[in-house]
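See structure below.
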Amino acid sequence: MNLDNGTSPVGIALLIKCIVVREWSIAVRNPGQWLNPLLFFVIVVSLFPLGIGPSPATLETIAPGIMWVSALLAVLLSLDALFDADYADGTLEQMVLSGQSMSLIVLAKVLVHWLLSGLPLLVLSPILGLLLNLSLDTMPVLMISLFLGTLTMSLIGAIGAALTVGLNQAGVLLSLLVLPLTVPVLIFGSASVAAAASDISANGPLLILAAVLILALSLAPLATALALKIGVSGSN
Amino acid sequence: MFKWLHRFGSAPFVYRFSGALAPWVGGACAVLLGIGLYLGLFVAPTDYEQGESYRIIYVHVPAAIMSMFVYMVMAISSAVFLIWRMKLADAVAQAAAPIGASFTFLALVTGSLWGKPMWGTWWIWDGRLTSELLLLFLYLGYMALRAAIEQPQSAARAAAVLAIVGVVNIPIIHYSVEWWSTLHQPATITKLKPSIHESMAVPLRFMIFGFLFLFGYVLLVRLRTGILQREARASWVAQLPEIMRFNALAPAADSQAVSPSKHSETKHG
């Protein structure tokens with residue numbers, strides 16, 4: 001049943017388990033890597049009322065947009081380091097050479113990245129939503145939309161992180177590459193929260209977000225794997 | 001048939017072929033733009049609602065069409081480059097990117113200039129204008145990525161991946177922005193769609209084809225420069241008449257560079 005180009009791939013389950021365990025232990029030992037973007041998210045969200053004014057009515061109308069833009073920027077910030085350490089110490093090269101499916105490795109890495117960057121953001125979002133005067137009824141929609149959206153962001157952002165791997169000043173370039181691609185996520189994400197806040201069904205935007213997520217899940221790992229192979233082959 | 005196609009993989013052939021083609025494309029462009037501008041600016045009637053200011057569509061619409069078209073050209077040649085490893089396809093994509101960005105920028109500027117008399121403001125978050133703005137960001141991202149990677153081969157391949165990722169996203173971005181702008185705006189915004197009279201549409205068609213040939217001409221010129229840059233060390237480049245003529249001018253500079261060594265030789269002697 002081994003159809004992969006002559007090498008002996010381990011089972012998919014084992015491969016994913018190895019990557020997940022590895023990424024998880026690295027992240028647990030470097031809490032700053034995933035805590036800093038979270039802190040950034042909290043600070044950016046609390047800066048908006050200071051800049052715009054504390055009027056509850058104003059905050060309520062712009063809260064969905066603020067939450068979503070801040071979440072996008074926080075995920076983007078955390079993406080910067082997604083492949084850099086692995087590139088610097090040669091792990092990435094070994095992964096490419098291992099003969100395992102690079103797309104699967106990428107998918108596992110991105111999922112762990114999301115567990116550490118998207119999920120905490122999701123958990124924190126209701127508290128920050130309260131600060132921005134969002135009603136409690138909108139919280140489920142906020143959390144579902146952030147779940148779908150941040151996962152899509154991580155997947156799309158991984159393409160950008162892979163394209164800029166090993167470059168100087170990759171951070172600015174990464175945002176230039178990735179942010180235009182995340183516009184649909186931003187639009188439907190904040191639209192779903194805004195709909196819920198004005199008591200309209202948020203199902204439409206949420207379903208579109210889910211569709212975009214499925215598209216990203218199926219195509220983004222392929223592009224990321226290709227970009228990583230290019231990045232690794234260019235380094236020597 | 002395939003033999004004929006195969007020749008487009010050879011840099012010297014494409015260099016000569018595009019050199020022979022460029023004047024014709026440029027001439028066609030000049031004729032089409034000349035007729036289009038004359039008809040559009042002097043012959044076409046004044047619009048009863050917008051007055052003379054509507055005439056900016058003769059630049060705005062072709063520029064907007066070309067901004068999308070050039071991205072498609074870029075993405076298709078990037079795919080050809082990635083799949084068949086055809087280096088000239090990458091040269092085409094590289095040459096097309098700044099042209100496409102210029103068309104996009106032109107479409108944005110003319111759209112904004114048109115918005116002032118039409119909407120009373122320089123900028124409106126209209127669906128089409130917003131997607132043009134995002135398209136400009138995609139072009140700039142492509143060029144920035146190319147510029148950031150030092151090794152030319154990986155720069156070419158990474159940029160090609162980005163162009164293809166972009167082309168998958170463009171429809172999604174476009175329709176989400178469209179949906180977003182209809183959600184946020186009253187439906188009173190005037191559209192271009194209302195049927196346009198034949199006397200106004202004919203100059204527009206001339207301008208669209210004129211812009212298409214303008215793109216073709218600039219692309220050919222940029223492609224030739226790009227090929228020379230890529231093949232600078234190849235012997236066929238050194239034997240080109242234009243390069244030999246340039247080198248014939250060089251000895252003046254060369255002799256200056258050589259003279260100090262002659263000095264030291266005479267000293268030794």
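Here, each number is a calculation from the coordinates, and none is a lab measurement. Fair warning: this is a prediction, and the values are worked out from it, not measured in the lab. Neighbour counts are summed over all protein chains in view; Cβ atoms, including those assigned to glycine, are modelled from backbone coordinates with ideal geometry.
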Practice item. Starting from the Cα of A:Cys18, step 7 Å along the direction of its Cβ; do the same at B:Arg233; then give the gap between the two resulting points in nm. Key: 3.9 nm
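Select from chain A the helices, each a whole stretch of DSSP H, whose alpha-carbon atoms run 15 Å or more along the helix axis and whose Kyte-Doolittle mean is at least 0.5; answer none if there are none. Walk me through the numbers before you get to the answer.
Values: long enough: A:12-29 (26 Å, 1.46); A:31-52 (32 Å, 1.58); A:56-79 (34 Å, 1.60); A:102-131 (42 Å, 2.02); A:139-163 (35 Å, 1.94); A:183-197 (21 Å, 1.94); A:203-234 (45 Å, 1.83).
Within chain A the helices that satisfy the rule are A:12-29, A:31-52, A:56-79, A:102-131, A:139-163, A:183-197, A:203-234.
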Check your understanding: Between B:Ser10 and B:Lys116, what FRET efficiency follows from the Cβ-Cβ distance if R0 is 60 Å, with the result rounded to 0.05?
Key -> 0.75
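With an 8 Å Cα cut-off and a minimum separation of 6 or more residues, compute the relative contact order for chain B in percent. Kindly include the intermediate steps, with their values, before the conclusion.
Details: 244 pairs, mean separation 84.9, N = 269.
Result for chain B is 32 percent.
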Review point. So what is the calculated 222 nm ellipticity per residue for chain A, using -39500 (n - 2.57) for each DSSP H run with n of 4 or more, over all residues, to the nearest 500 deg cm²/dmol?
Key: -27000 deg cm²/dmol
Revision key, fill the gap. Among B:Ser67, B:Gln153, B:Leu135, the residue whose Cα sits farthest towards the positive end of the charge dipole of chain B (+1 at Cβ of Lys and Arg, -1 at Cβ of Asp and Glu, taken about the Cα centre) is B:Gln153
Practice item. Find how many whole Å separate the alpha carbon centroid of the stretch B:32-105 from the alpha carbon centroid of the stretch B:110-183. Key: 14 Å
**Study point:** Cα gyration tensor shape of the stretch B:5-130, rounded if a/c is under 1.5, else prolate or oblate by comparing a/b with b/c
**Key:** oblate
Review point. Using a simple spin-label model with points 7 Å from Cα along the Cα→Cβ vector, what separation in nm is obtained for B:Ala147 and B:Met72?
Key: 2.9 nm
Check your understanding: How far apart, in nm, are the 7 Å Cα→Cβ label points at A:Asn36 and B:Ser53?
Key -> 4.9 nm
Revision key, fill the gap. Along the stretch B:75-83, Karplus-curve 3J(HN,Hα) (6.51, -1.76, 1.60; θ = phi - 60°) to the nearest Hz, with x for Gly and Pro, reads 5, 5, 5, 5, 5, 4, 5, 5, 7
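Determine, from the Cβ-Cβ distance of A:Leu50 and A:Ser135 and an R0 of 30 Å, the FRET efficiency 1/(1 + (r/R0)^6), rounded to the nearest 0.05.
On the way: r = 22 Å, r/R0 = 0.74.
Once the sixth-power term is evaluated, E becomes 0.85.
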Review point. A:Ser198 to A:Ile43: FRET efficiency via 1/(1 + (r/R0)^6), r the Cβ-Cβ distance, R0 30 Å, to the nearest 0.05?
Key: 0.60
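From the P(r) of chain A, can you give the percent of Cα pairs sitting at distances over 29 Å? Don't jump to the answer; show the numbers that get you there.
Working: 8533 of 27730 pairs.
I get 31 percent for the Cα pairs in chain A exceeding 29 Å.
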Practice item. Calculate how steeply helix B:198-230 sits against the longest principal axis of the alpha-carbon atoms of chain B, using the helix alpha-carbon long axis, and give the answer as 0 to 90 degrees to the nearest 10. Key: 20 degrees
Practice item. Using a Gaussian network model of chain B whose springs link C-alpha atoms within less than 10 Å, name the residue from B:Phe13, B:Phe213, B:Phe105 with the highest mean-square fluctuation. Key: B:Phe13
Check your understanding: Along the charge dipole of the protein assembly as shown, which of A:Leu207, B:Ser176, B:Gly26 sits closest to the positive end, that is, farthest toward it, with unit charges on the beta carbon of Lys, Arg, Asp and Glu (+1, +1, -1, -1)?
Key -> B:Gly26
Review point. What longest region of chain B stays clear of trypsin sites (Lys or Arg not before Pro) that DSSP places outside H, G, I, E and B and that have at most 12 other Cβ atoms within 10 Å?
Key: B:86-190
Review point. What's the angle, to the nearest 10 degrees (0 to 90), between helix B:251-268's Cα axis and the longest principal axis of chain B?
Key: 30 degrees
Check your understanding: How large is the charge dipole for the stretch A:12-234, taken about the Cα centre, if only the Cβ atoms of Lys, Arg (+1) and Asp, Glu (-1) carry charge, to the nearest 20 debye?
Key -> 300 debye
Exercise for review: Kindly provide the helix-only [θ] at 222 nm of chain B, computed as the sum of -39,500 (n - 2.57) over DSSP H runs of four or more divided by all residues, to the nearest 500 deg cm²/dmol?
Suggested key: -27500 deg cm²/dmol
Point to revise | Three-way shape label, the protein assembly as shown, alpha-carbon gyration tensor, a/c 1.5 | key: oblate
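Normalised by the number of residues in the stretch A:12-234, what is the relative contact order in percent for Cα pairs under 8 Å and 6+ residues apart?
Values: 247 pairs, mean separation 59.1, N = 223.
This gives 26 percent for the stretch A:12-234.
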**Study point:** 19 Å Cα-Cα reach of B:Lys87 towards aspartates and glutamates, excluding residues that sit fewer than 8 places from it in its own chain
**Key:** B:Glu150, B:Glu231
Review point. Which whole-angstrom value gives the distance between the alpha carbon centres of the stretch A:159-236 and the stretch B:7-30?
Key: 39 Å
